[in-house]
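The structure under discussion appears below in the form of structure tokens.
Coordinate-derived values only; no laboratory data. On a predicted model such as this, the values are computed, not experimentally measured, just so you know. Virtual Cβ from ideal backbone geometry, glycine too; neighbours counted across all protein chains shown.
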Number of protein chains: 2
Amino acid sequence: MADRVEPGGPDENEVLADDELTDAELRAADGRVPGRRGRATRQRLLACTADMLGTTSFRELRVVDIAREAGTSPATFYQYFPDVEAAILVLAEEVAQEAAGLADLVRGPSWKGRQGWAASTAVADGFMDFWERHRAVMRVVELAAGEGDQRFHRLRTRMLNPLATAFTEVVDGFRKEGRQPADLDPMAVAGVLVSMLAHVAAHRYGFEFWGIRSEDTTRTMARIIFTTVTGQKPPADV
Amino acid sequence: MADRVEPGGPDENEVLADDELTDAELRAADGRVPGRRGRATRQRLLACTADMLGTTSFRELRVVDIAREAGTSPATFYQYFPDVEAAILVLAEEVAQEAAGLADLVRGPSWKGRQGWAASTAVADGFMDFWERHRAVMRVVELAAGEGDQRFHRLRTRMLNPLATAFTEVVDGFRKEGRQPADLDPMAVAGVLVSMLAHVAAHRYGFEFWGIRSEDTTRTMARIIFTTVTGQKPPADV
DNA sequence: CGGCGTTCCTGACGGAGCGTCAGCTAGGTG
DNA sequence: CACCTAGCTGACGCTCCGTCAGGAACGCCG
């Protein structure tokens, strides 16, 4: 509408080209670089978004509600985030940092004999625990990715791929040793195992609703992981 | 707003109590029992909904678009369905009929020896095939159930429970024969297996994107199913 | 074939959120 | 104290939702 006059200010494209990582996440809608107060408001909005995600379903999360909860107005929200998803994406980014550590549960320990069983339970428990601690955010990641939102789809991939890659490597090791059939595709194995973990973790309460104890679910998954990765039966006393 | 006058017409509650199965699905919004033309319109709306589900993402499916596609108006749509989900629910109901047959893949055949391997592949293949043929509808069922929509959640349960129950029975059989540990919870096993199948089927194209062949995915799942159900290693030549 | 009752359809409307401005407020600085 | 600019918001236009009153089409009967 109004012709944009930018007296002396840097060209927008320059700003976009310049600020790569540090400011990209923090830059406000109009290109300003926020100061102390602005960042505090942004953090408050993020915190309220996280809070409300715990109680409200993702789809019912309205910008107007988040803003009111944070003691500000909807227009302010849009200064810091293009939409609600973008705010959640920031929260999810922090979760993604932690998710990278899941791969260590697979890559770190030895998978030979009883140590393999320990690793299997560690992966199953660790994954379930991880998902539980970030339940609200992970639910949104799953839903949004499922709906075709590319931002969340990419994030989901970044979260789970390290784990899948780690599985692939371990399985490939066993395959090269002849413990697994030569025609087994380690990536397929990895993908199926990660799928199992993700879906079971996401539906944990569904399992409990049917009277299945979490302990049994986790142990069942540990057995499957052990057998599928190593090609051996799990130890008899588990 | 306007005081409701119902001159001589039957009380709404009576109607609701009376029409149980036959008319419940067909009754229009205002309580009328539709005639030939009405049902044709309803069918047209359903067909267009199914068509557009194939191309448009569930969340972008607008009542106004479906109505226009069907050559009618949004208000007409609301005569036959309270919302878009309700229309999809009708489509999903048909899918649910077919889903009941999945349990036969588990319950029917013997699980002893090589026959067990045949059963495992049949389940993995059959499930993937089922999901593929109803991809569009199943995607909505998963999403809507995940978002907390009770209608879809119940439908999802009705779809997958027979399969889980069948798994439970077979596993329990092996457990009683001493082929499986006594402390294994057959329901946990069944739940995990169904979760694996559902999630892998839903993310099939994700697998293919990473260069994993569907054949390898399915075979991997068949191995897991065989081992997890029977407690044995799969035959060497697969 | 004309009148009548019922089924069927739709234009038009109020309402809820969204996302965007122009313009105001207030904290910081010289 | 005056000024600047980061920060905030009231108010608006838009899109889509779901509803309702009332018109159109159909079928039946005399």
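Points worth noting:
- Convex hull per residue volume in Å³, alpha carbons only, for region B:93-230: 106 Å³
- Gained length - residue A:177 relative to residue A:90, 0.36 nm times residue gap less alpha-carbon distance: 27.0 nm
- Here's the list of lysines a cross-link from residue A:112 could span, going by alpha-carbon distance under 19 Å and ignoring same-chain residues fewer than 8 apart: A:176, A:233, B:233.
- With its label point defined 7 Å out from Cα along the Cα-to-Cβ axis, residue A:132 lies at 3.8 nm from the matching points of the other copies, in increasing order.
- For region B:177-238, the percent of C-alpha pairs falling in each 5 Å distance bin, counted from 0 to the bin holding the largest distance, reads 3, 16, 23, 20, 16, 13, 5, 3, 0.
- Inter-label distance for residue B:39 and residue A:56, nm, one decimal - labels placed 7 Å from Cα along Cα-to-Cβ: 4.4 nm
- Region A:150-171 and region B:168-207: distance between their alpha carbon centers, rounded to Å: 24 Å
- J(HN,Hα) series, region B:64-78, from Karplus relation 6.51 cos²θ - 1.76 cosθ + 1.60, nearest Hz, glycine and proline x: 4, 5, 4, 4, 4, 4, 7, x, 9, 10, x, 4, 5, 3, 6
- Potential lengthening between residue B:104 and residue B:69 on full extension [0.36 nm per residue; Cα-Cα distance subtracted]: 8.7 nm
- Zone of residue A:153's modelled label, taken as backbone nitrogen in region B:114-156 under 12 Å from a point 7 Å along Cα→Cβ: none
- For residue A:73, the distances from its label point to the matching points in the remaining copies are 3.8 nm, ordered from shortest, with each point set 7 Å beyond Cα toward Cβ.
- Label 7 Å beyond Cα on the Cβ vector: residue A:214 copy-to-copy distances, nm: 3.7
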